[in-house]
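The values are calculated or read from the model by the stated rules, or taken from the named source; none is laboratory data. Just so it is clear, the model here is predicted, and its values are computed rather than measured. Cβ coordinates were reconstructed from backbone atoms using ideal geometry, including for glycine residues, and neighbour counts include every protein chain displayed. All accessible areas refer to the heavy atoms of the entire protein, side chains included, with ligands and DNA or RNA removed. Shrake-Rupley method; radii C 1.70, N 1.55, O 1.52, S 1.80 Å.
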There are 2 protein chains.
Amino acid sequence: MLNRVSMRSLSAFMIAAAVATGALFVLVPADDAVGQDAAAAVLQFDGDTLNRPVLGSWRTWPFLGTPLTPHDMNKGKAPFPEFHHVYIDPASHAHYSQTGKFREGTVIVKELVLVGGKKASSGRGYFEGDYSGLEIAHKSAKRYPKEPGNWAYYSFGHVPPPYSATAKAQATESCATCHESLADDDMVFAQYYPNLRAARPAGK
Amino acid sequence: MLNRVSMRSLSAFMIAAAVATGALFVLVPADDAVGQDAAAAVLQFDGDTLNRPVLGSWRTWPFLGTPLTPHDMNKGKAPFPEFHHVYIDPASHAHYSQTGKFREGTVIVKELVLVGGKKASSGRGYFEGDYSGLEIAHKSAKRYPKEPGNWAYYSFGHVPPPYSATAKAQATESCATCHESLADDDMVFAQYYPNLRAARPAGK
């Protein structure tokens, strides 16, 4: 990742190049260009309370995969109902693509979606209906120095939007214990996320 | 959408502002800033033959939804095996978010993923394994003046990556007929894509 000094030098060089060539460029804040603002925009804390992010702000982030745990395969009450749309903030995706590591500050969003139907022109199966819940995983050694892997897990409920207004970090045994023992990659269930595995650099 | 002249004026103004304030900005090509290059990068034609896009270049595009048609619910042979990851090019997503319409040049990518397992710590269900196919829908009145809705459909096969090297537009009756009669929104199956419905402006 370029540091601020080299980014500034690069900006100066590119401005000069743009002026010299008349090339059509636009300027965007550096943090937006690498997506750092995207994670910050979703992480609005009051102390240790996480406020619900602006609805849908994560839906254009890099998508990782969609596990499905339907009610009808879980005795009518799936723990996570039912499709799980999983996203990662853009800058942490870029970092993972280069290093194979989840950086300090990584945000992973899981938005739940109910099953809307089981038959379509493409065949029998499971087809998505309406949103049904929102959960966020956040990796921060600064905020969670004692949590396994420095990950904390927040749930805004398994409810329709706009979801609960605030969330506190879940108790370690509610989420982290399972993630720590069963998830493939630094407490992230990479085994269910083909787009995460594909983004990983060779040999990492 | 800003036109090229006003974009250029804006660039000049922002360069001056950046120089004056010492703000940290980076320059990106204007087409990238609005995502127009993303669609063009995926659409490499030789005449009427579409070349396979650079692998994975669509996986950071806005994600729309994941229909699932598993083999085991389709007599062992699903027509589209099995999860369908569906994406739209960024500029067309922005246009749809403003207008509720698919603009000329819209690219929708469907990447298929096999079921990798049916049990996880989150419950019983369907969990994603490896990639299994690639299909692209392209709306262009210029290229397909006689096709319904000016959409054409390409398949790079239901095979593991790197997928087939080239594809020709499918016959109208192979894809378009079904999309035309059953899909909710300009031949796109919006009824299965919660992120597309959510992006639609109110009242559109």
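Summing +1 for each Lys or Arg and -1 for each Asp or Glu, what net charge is found among the other residues whose Cβ lies under 11 Å from the Cβ of B:F63?
Details: positive: A:R59, B:R59; negative: A:E111, B:E111.
Within the 11 Å Cβ shell, the charges total 0.
Going Cα to Cα from B:K77, which lysines come in below 25 Å? Please leave out same-chain ones fewer than 8 positions away.
B:K77 reaches A:K118, A:K119, B:K110, B:K118, B:K119, B:K168.
Would you kindly derive the ³J(HN,Hα) couplings of the stretch A:96-102 from the backbone phi angles with the Karplus curve 6.51 cos²θ - 1.76 cosθ + 1.60 (θ = phi - 60°), listing them in order in whole Hz, with x for Gly and Pro?
5, 5, 8, 10, x, 10, 8
Using the 7 Å Cα-to-Cβ label point, sort the distances from A:T166 to its equivalents in the other copies shortest first and give them in nm to one decimal.
Reported distances to equivalent positions: 6.2 nm.
Which order do the peptides B:48-56, B:134-142 come out in when sorted by mean C-beta neighbours inside 10 angstrom, highest first? Before the final figure, lay out the partial values.
Values: B:48-56: 14.7, B:134-142: 19.2.
Result, highest mean first: B:134-142, B:48-56.
Give me the compactness ratio for the stretch A:30-199, meaning the Cα radius of gyration over 2.2 N^0.38 Å.
Details: Rg = 16.0 Å, N = 170, 2.2 N^0.38 = 15.5 Å.
Normalised Rg, Cα atoms only: 1.03.
For the stretch A:44-65, list whatever residues lose no less than 40 Å² of accessible surface once every protein chain is in place, relative to that chain by itself, with the probe at 1.4 Å.
A:R59, A:T60, A:F63
Would you kindly derive the ³J(HN,Hα) couplings of the stretch A:163-180 from the backbone phi angles with the Karplus curve 6.51 cos²θ - 1.76 cosθ + 1.60 (θ = phi - 60°), listing them in order in whole Hz, with x for Gly and Pro?
6, 5, 6, 9, 8, 10, 4, 5, 4, 3, 6, 6, 10, 4, 4, 5, 4, 5
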